[in-house]
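Let me begin by presenting the structure, written as structure tokens, before commenting on it.
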Amino acid sequence: MKFEHVLVVGAGQMGGGIAQVVAASGRRVSLHDPYPGAVERGVEAMRKSLTKLGADVEETLGRIEPVEDLAAADLLIEAITEDAQAKEKLFRRADEVLPATAILASNTSSIPITSLAAVTQRPEQVIGMHFFNPVPVLRLVEVIRAVQTSDETAAAIVELARDLGKEPAEARDFPGFVSNRILMPFINEAAYALMEGVAEPEAIDTIAKLGFAHPMGPLALADLIGLDTCVAIMEVLQCGLGNPKYAPCPLLRQYVQAGRLGRKSGRGFYSYG
Ligand code: NAD
């Protein structure tokens, strides 16, 4: 089995989901998150998800070891907050700690993989491995090649995605890649429609669900993704593509300022009990 030991960094909604699917494939996982209680919350979320999926909870969780520092694994999958400086710092550190043969992957939604690769001594072994939320349910993995990524690295990650039961789709390293270049302006426009009083949130989401056959509307999806993450991605699109049409909707910014981050904080466009 390739990548027998995987280090997942960040135990939030994405990191927890990634750790879960990697462990469910029979691999050993080290899970690192320095924030107090983050790993415990991540493990609790995995327990719930595995129970819901009817999986062997204890066997899968038994393969996940919480670690207090970065561990020397065959593969890093980074899923920390969407902040370029924090990710670059982590990639520099991982480059020192992980063996020279290891691949360093990021689950970033929008930060250039090319710039993460550039801070390491192994740029050809750096790649984007972009999972979708909720990770145990959604099958897509967007595989993003940095300018420096080698064919061998891309092939190994495509093969791993398939082995995790996912469907890989390859994209080049342009702002927002493919998925968020399309999705985020859609969400942003829905926030504008709400801000300008065109319709209530329920009506906006109903139109997308019934009219476009989307499983959930853009505002409910923004709440699931996290409004802070949505703002961060729009800023990357705006800055990276140099076009003001990508500026984050002021209402999104205002909700983030108010701590209304979506499901993870209990309130966003909707309230969660
Ligand atoms: P989250 O806020 O749920 O979790 C982030 C976790 O990272 C937190 O537990 C935090 O404690 C931890 N963290 C922060 N700084 C860290 C550091 N320096 N070292 C280790 N851990 C650190 O966020 P999330 O939604 O899981 O997003 C994580 C990444 O995945 C982001 O890059 C985001 O853009 C990307 N992503 C998110 C979604 C989504 O739908 N939310 C989908 C695809 C990709």
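The values are calculated or read from the model by the stated rules, or taken from the named source; none is laboratory data. Predicted model only: the values in this text are computed from it and were never measured. When we count neighbours, we look across all protein chains shown, and the Cβ atoms used for this are built from the backbone with ideal geometry, even at glycine. Heads up: the accessible areas ignore ligands, DNA and RNA and are worked out on the full protein's heavy atoms, side chains in. Shrake-Rupley method; radii C 1.70, N 1.55, O 1.52, S 1.80 Å.
Things to note:
- Any hit, segment 30-43, residues being open to solvent by less than 20 Å² (accessible area, probe 1.4 Å), more than 13 Å from the ligand (Cβ to nearest atom), modelled with pLDDT of 95 or more and not charged (D, E, K, R): no
- Qualifying residues in segment 7-28 (those that are touching an Asp or Glu at 6+ places or on another chain (Cβ under 7 Å) and assigned to a strand (DSSP E or B)) - the one surrounded by the most Cβ atoms within 10 Å (Cβ to Cβ): 9
- Residue 133 being assigned to a loop (DSSP other than H, G, I, E, B), of a type in the set (S, T, N, Q) and within 30 Å of residue 60 (Cβ to Cβ): yes
- Test: residue in segment 127-142 that is within 16 Å of the ligand (Cβ to nearest atom), more than 22 Å from residue 239 (Cβ to Cβ) and aromatic (Phe, Trp, Tyr): yes
- Exactly one residue out of 113, 64, 80, 103 is touching a strand residue (DSSP E or B) at 6+ places or on another chain (Cβ under 9 Å), of a type outside the set (D, E, K, R) and open to solvent by 30 Å² or more (accessible area, probe 1.4 Å), and it is 80.
- Once segment 221-266 is narrowed to residues that are without any contact (Cβ under 8 Å) to a residue 24 or more places away in the chain and under 17 Å from residue 195 (Cα atoms), the residue that is most open to solvent (accessible area, probe 1.4 Å) is 257.
- The condition (being within 15 Å of the ligand (Cβ to nearest atom) and either part of a helix (DSSP H, G or I) or modelled with pLDDT under 95 (or both)) is satisfied by just one residue among 253, 260, 181: 181.
- Candidates 159, 167, 152 - the one that is in contact (Cβ under 8 Å) with a residue 40 or more places away in the chain and assigned by TED's automatic domain parsing to the domain that holds residue 29: 159
- Residues of segment 59-95 that are free of Cβ contacts under 8 Å to residues at least 12 places away in the same chain, within 15 Å of the ligand (Cβ to nearest atom) and among the charged types (D, E, K, R): 89 alone.
- Looking across segment 177-194, the residues that are more than 20 Å from residue 254 (Cα to Cα) and touching a Pro at 6+ places or on another chain (Cβ under 9 Å) come down to 181, 183.
- Test for residue 20: is it touching a helix residue (DSSP H, G or I) at 6+ places or on another chain (Cβ under 9 Å) and of a type in the set (S, T, N, Q): yes
- For first residues located in segment 113-135 and closer than 15 Å to residue 174 by Cβ and small (Gly, Ala, Ser), partners that are within 14 Å of the ligand (Cβ to nearest atom) and part of a loop (DSSP other than H, G, I, E, B) and lie 6+ apart or on another chain with Cβ distances below 8 Å form the pairs 128/107; 128/108; 128/177.
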